[in-house]
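Heads up: the structure comes next, in structure tokens.
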Number of protein chains: 2
Amino acid sequence: MVRRTKADALTTRLELLDAAERLFSERGVSNTSMMQVAEAAGVTRGAIYHHFENKLALIYALMERVSLPVDEMRDALRKEHINQPLLQLRERCLHIVHQVQNDPHMQALVNILCHKCEYVEDTLPIHLRHLSGRNECIDECVKLIELAQQQGSVREDIDPRLTIISIFALIDGLFYNWLLDPEYFDLMSAAGSGVDNYLQGISKV
Amino acid sequence: MVRRTKADALTTRLELLDAAERLFSERGVSNTSMMQVAEAAGVTRGAIYHHFENKLALIYALMERVSLPVDEMRDALRKEHINQPLLQLRERCLHIVHQVQNDPHMQALVNILCHKCEYVEDTLPIHLRHLSGRNECIDECVKLIELAQQQGSVREDIDPRLTIISIFALIDGLFYNWLLDPEYFDLMSAAGSGVDNYLQGISKV
DNA sequence: CCTTTTACATACATACATGAATGTTTGATT
DNA sequence: AATCAAACATTCATGTATGTATGTAAAAGG
């Protein structure tokens, strides 16, 4: 059955995205054919190629879908705890973790980018996009550490950049392992104690 | 040209492993065909299927190749700094990092498992194997934290298990990001400061 | 020296996946 | 009301990966 109106077309598009998100997340990107995505969405392959150029464009669209709410949330959190940089850093970190744990789209996307998609030349644009937003975030958080140093709450011998890279690595690693086996540990508890312990370690005594 | 002697066959096998390791690491597992591996090793596909059942068996063999030296090193490090659990933990962590940075086989394998191989049902045995050795290591390191608590060097309110999970996540995350862009930061520096800061954060003042 | 394996190469059968080309039905436009 | 274009469905042409079956020459074994 062909959907005719613009609203119907948008529905089809969303159903395709949902199907792709689910199948990619369950069975891996390269192990999922366009045919399977189409079938799961109740359409034929023709529908996919009408809405998306190819499989990469599909993943790209999946990223678009979550990037907007993520950006909004980041902008909001940027304005809180302005004079308490370590607290803001903590809140921003834990909020991302909370989002990955509770927003299904976000979780599926991180899962796909982390475990269901090979980082190769073909997928480079995807991962570059993923990293660009991240690097911005790193630069911004480095300034938080520097500010904390100026305020005297963080030790002078701490390298702000390496510190942020480590904290982000900690969170990435938690995602990485938690997505492999969500039962193995509680994500929020680990992230909370992990970030707190780390911040404690760089704080002045 | 057919290699006839047993020694020659072993050479062929090693060349196949080297070729697979390189191609998988460069172009991704599912994006590399058995044909390409064979060509890179200077043989035909028949040679591969003679030595390995399929692509999974190839990856499995790649793991075998590095698991032995890794195990040996772990056993050795287990015996050092017995009465200084935090120091032993630190050394064990940093040694793994050092190994990933300096041993090409180790680095390629971590890269493959981390970025060049989708975690799907087909590859489950691979990843299960990867995780089993890891979980053993976690259990062992948890005991190090508990010992440090008994010795009074680590705060009582620290959860040993979550702590180790976080520290391991930190290292995993560093691998994950460093392999994506080795120029972006110095692995050893980040790991050193990261682990030290974290341990500082859980230590008694 | 004869037989049996080993260690591959070659060939084949099958199965998908992709992309593009084309067809068709209906909403949208004027 | 007529035309256009969107939103798909259908079909085809092609490439490519896999697994297996078979062939073969030399090494290993007795």
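Worth a mention:
- For residue B:154, residues with placed amide H under 5 Å, excluding near neighbours: B:149, B:204
- Using C-alpha pairs under 8 Å with a sequence gap of at least 6, the mean separation divided by the residue count of region B:27-109 gives a relative contact order of 17 percent.
- Rounded to 10°, Cα long-axis angle of helix A:55-78 versus longest principal axis of chain A: 30 degrees
- Between region B:25-65 and region A:91-135, the alpha-carbon center distance in angstrom: 30 Å
- Copies compared at residue A:104 - label distances in nm, ascending, label defined 7 Å from Cα in the Cβ direction: 4.8
- Loop trypsin sites (Lys or Arg not before Pro), region A:20-106, which have at most 13 other Cβ atoms in a 10 Å radius of their Cβ (DSSP): A:79
- Rounded tilt (10° steps) of A:187-202 against the dominant C-alpha axis of chain A: 30 degrees
- Summary for residue B:5: label point 7 Å along Cα→Cβ; distances to the equivalent points in the other copies, ascending, 8.0 nm.
- In nanometers and ordered shortest first, the copy-to-copy spacing of the residue B:79 label point, defined 7 Å from Cα toward Cβ, is 6.3.
- Taking A:89, A:113, A:14 in turn, the Gaussian network model of chain A (Cα-Cα springs below 10 Å) assigns the largest fluctuation to A:14.
- In chain A, helical runs assigned H by DSSP with n ≥ 4 each contribute -39500 (n - 2.57); averaged across all residues and rounded to the nearest 500, the mean residue ellipticity at 222 nm is -25500 deg cm²/dmol.
- Proximal aspartates and glutamates relative to residue B:143, as straight alpha-carbon distance under 12 Å, when same-chain residues fewer than 8 apart are discounted: B:159
- With respect to chain A, whose longest principal axis is taken over its alpha-carbon atoms, helix A:160-180 is tilted by about 40°.
- The protein assembly as shown: C-alpha gyration tensor shape, a/c 1.5 cut-off, then a/b vs b/c: oblate
- When you restrict to C-alpha pairs under 8 Å that are six or more residues apart and normalise by the size of chain B, the relative contact order lands at 20 percent.
- Prolate/oblate/rounded label for region A:64-202 (Cα gyration tensor, a/c 1.5): prolate
Coordinate-derived values only; no laboratory data. Predicted, not measured: the structure shown is a model, and the values here were computed from it. With ideal geometry, Cβ positions are generated from the backbone for all residues, glycine too; neighbour counts draw on all protein chains shown.
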